[in-house]
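Peer 1: This is the structure, below, for whatever I ask next.
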Amino acid sequence: MASDDPGTVLLDVDGTLVDTVYLHVSAWAASFARVGLVVPSHVLHSAIGMGGDRLVAHVTNDATEDELGDTIREGHLDRFRGSLGDVRPTRGAEELIRELRQRGHQLAVASSADPDLTDDLLAIAGVDGLVSTVAHSGDVDASKPHPEVVETSADRAGGSPLLMLGDAPWDARAAADAGVPCVGVRTGGFGDPTLHEAGMVRVLEDPQEVLEQWPALEQQLTARLPHRAHGPGGR
């Protein structure tokens, strides 16, 4: 990383900047139930954070995806949109983003959500005017845990990726495959062992704790990053 480049911070939104994970679980469960399928909540929770295009087959099978996937996704989105009034920012989300911007970091969103929903959630988090660029499901062919959305977000922001901030193992796997260290927050309800196993380099409570520990965290990550002239994977 060049000495005059403070580094780009890549951001997941769902579960990281806004407290949405269990609302998603409820919306998916209701949508599966509408087509006569019962998928346990713990199974659904384990899949939250991967793209919706992958989730149906992941928690059921390819035949269900082929026959009912689009219907289930539409039902989930309708149900989740109906709960947007209950969504709240995670603790410290806006404060963290403002501080990172003040420090000169580029802020780039890498989200599995669709464009309109991503915009709505950024607005709820109070950071929609603070991020430098946004990449979402509509910009890529493959969703998390594929690295494409992370790579796209980093490429659009320019500079050198410092880290990705996420709440789910799918964030960590996408970031790792893009060559970006991932810091995890517990706001998605995943345990530390799960997040560490997926590749998180640090796990903290929430964005507020990330903010409190930022100087030491930034120093740690800057020291471990290779000098890359062209972003993820040296491209």
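The values are calculated or read from the model by the stated rules, or taken from the named source; none is laboratory data. Treat the numbers as computed from the prediction; the structure is a model and nothing was measured. Quick reminder, even Gly has a Cβ in these numbers, built from the backbone with ideal geometry, and neighbours come from all protein chains shown.
Peer 1: Kindly state which strands (runs of 3 or more DSSP E) lie completely within the range 141-228 and contain at least 3 residues that are in contact (Cβ under 8 Å) with a residue 60 or more places away in the chain.
Peer 2: 161-166
Peer 1: Pull up the range 44-76, narrow it to residues that are under 17 Å from the mean Cα position of the chain (by Cα), crowded, with 18+ Cβ neighbours inside 10 Å and in a helix (DSSP H, G or I), then point me to the one that is modelled with the lowest pLDDT.
Peer 2: Looking at residues that are under 17 Å from the mean Cα position of the chain (by Cα), crowded, with 18+ Cβ neighbours inside 10 Å and in a helix (DSSP H, G or I), I get G52.
Peer 1: I need the full set of residues from the range 107-125 which are free of Cβ contacts under 8 Å to residues at least 40 places away in the same chain and within 13 Å of the chain's Cα centre (by Cα), in order please.
Peer 2: Residue satisfying the conditions is D114 alone.
Peer 1: For the range 97-105, indicate whether the set of residues that are under 13 Å from the mean Cα position of the chain (by Cα) and surrounded by fewer than 24 Cβ atoms within 10 Å (Cβ to Cβ) is non-empty.
Peer 2: The answer is no, given that none of the residues of the range 97-105 is under 13 Å from the mean Cα position of the chain (by Cα) and surrounded by fewer than 24 Cβ atoms within 10 Å (Cβ to Cβ).
Peer 1: Just to be sure I understand, how many residues within the range 88-133 are over 13 Å from T8 (Cα atoms), part of a helix (DSSP H, G or I) and charged (D, E, K, R)?
Peer 2: Adding up the residues that qualify gives 7.
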